[in-house]
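The values are calculated or read from the model by the stated rules, or taken from the named source; none is laboratory data. Quick caveat, the model's predicted, so the values are computed rather than measured. Neighbour counts are summed over all protein chains in view; Cβ atoms, including those assigned to glycine, are modelled from backbone coordinates with ideal geometry.
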Amino acid sequence: MSMFSLDPAQQAWCARLRALAAERLRPLAEAREPGRVNRPLVAALGELGLLERLFEAGALELCLLRESLAYGCTEAETALALQGLGACPVAQAGTAAQRERWLPGVRAGSAVAAFALSEPDAGSDAAALTLKAVPKDGGWRLSGEKRWISNAPEADFYTVFARTTEGAGARGVTAFLVPADRPGLTGTALEMLSPHPIGALAFDDVPVSGEDVLGERDRGFRVAMNTLNLFRPSVGAFAVGMAQAALDAAIGHTARRRAFGGPLKDLQSVAHQVAEMATRTEAARLLVYAAAAAYDEGATDVPKRSAMAKLLATETAQYVVDAAVQLHGARALQRGHLLEHLYREVRAPRIYEGATEVQRTIVAKELYAKELYGEELYAEEPPA
């Protein structure tokens with residue numbers, strides 16, 4: 001990839017992914033039961049090698065994968081991303097035994113993973129989580145609740161973040177790999193605006209041991225942030241894919257739809273609106289690619305770039321989808337219309353993996369950290 005465009009091989013790969021999403025994966029998505037894990041869809045992602053590619057890809061390739069799938073089938077994109085989000089901590093921080101036990105199934109699409117960070121009173125403020133890990137019998141017992149966990153309560157295992165040291169904030173959190181069949185672990189499904197599998201988990205004295213720790217004790221917050229720094233630009237890519245789908249729908253509709261004596265595109269107000277939608281979409285895409293490239297290059301300012309990319313891309317997608325609905329009129333609000341679907345899908349990314357306001361806070365924190373502590377110290381240990 002050049003600084004500002006994809007090379008021919010990347011463009012061809014993205015085109016193949018779009019076609020695959022529309023032709024092979026969308027029918028599986030449409031046959032789903034709303035609010036449930038679509039295991040046939042997850043299995044298809046495995047059979048097609050996309051889950052394997054997910055774990056082999058760098059950040060830029062992950063963004064291209066998510067953007068292309070989102071354009072053709074948002075459900076397939078989400079299923080793939082949730083596998084990565086739930087299993088990435090195992091791939092990055094797990095022991096050899098943990099990786100050998102769980103990752104082959106995730107790659108094949110036969111094991112469903114979940115990332116269990118959010119709580120009723122600790123969503124975007126992840127350092128405030130209260131799920132307790134109380135020492136017992138040489139290990140710990142987990143007690144508390146997680147909420148708004150994608151793939152819960154149907155996942156096969158969960159990456160769970162729990163407090164092992166009271167009063168230590170982010171430095172007192174440990175990451176655990178918790179199989180779904182552990183005694184004391186139960187869950188309930190939640191009905192959300194968009195019918196994705198999402199639920200709450202209750203931990204009633206759930207046993208975990210040192211063999212279940214991901215990384216180091218009290219260093220789980222870093223495991224979570226490393227995962228989010230990788231996935232935040234690709235959340236932006238997901239948003240860009242939806243924005244592009246909405247933009248293309250708007251271009252096609254306004255070119256064909258006649259009103260006031262001619263096609264809508266001949267109205268300056270309409271043409272300027274479409275131009276604005278296209279400009280914002282391309283700006284968001286470039287910022288996402290830049291953030292992903294920075295991650296792949298090991299840049300020190302990845303948290304800032306990742307936050308910027310998610311911030312701009314998700315806000316842009318909301319704007320573009322809403323504008324496309326407005327240009328289509330009432331037909332876009334009819335159940336089953338592409339834009340009705342995108343309108344429900346586009347809202348959540350502005351909240352999950354750090355809400356828009358949190359991304360602005362991260363960007364500001366990063367900017368002032370470099371100013372206050374100097375370039376050299378910042379490069380050695382940028383803030384989480």
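Numbers below:
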{"read-out": "Pairs, first touching a residue at least 60 places away in the same chain (Cβ under 8 Å) in segment 221-244, second of a type in the set (Lys, Arg), C-beta under 6 Å, six or more apart", "value": "ARG232/LYS310; SER234/ARG66; VAL235/LYS310; GLY236/LYS310; ALA237/ARG66; PHE238/ARG66; VAL240/ARG285"}
{"read-out": "All strands (runs of 3 or more DSSP E) inside segment 134-181 with 3 or more residues being more than 19 Å from the chain's Cα centre (by Cα), within 12 Å of GLY220 (Cβ to Cβ) and in contact (Cβ under 8 Å) with a residue 40 or more places away in the chain", "value": "173-179"}
{"read-out": "Hits in segment 245-262 - residues which are small (Gly, Ala, Ser) and free of Cβ contacts under 8 Å to residues at least 60 places away in the same chain", "value": "GLY252, ALA255, ALA259, GLY261, GLY262"}
{"read-out": "Only listed residue being at positive phi and not assigned by TED's automatic domain parsing to the domain that holds SER118, chosen from PHE238, PHE260", "value": "PHE260"}
{"read-out": "Whichever residue in segment 292-326 is surrounded by fewer than 23 Cβ atoms within 10 Å (Cβ to Cβ) and at pLDDT 95 or above and, among such residues, is farthest from LEU228 (Cα to Cα)", "value": "GLN326"}
{"read-out": "Given (1) farther than 23 Å from GLU345 by Cβ; (2) surrounded by fewer than 19 Cβ atoms within 10 Å (Cβ to Cβ); (3) charged (D, E, K, R), index of the condition GLU191 fails", "value": "(1)"}
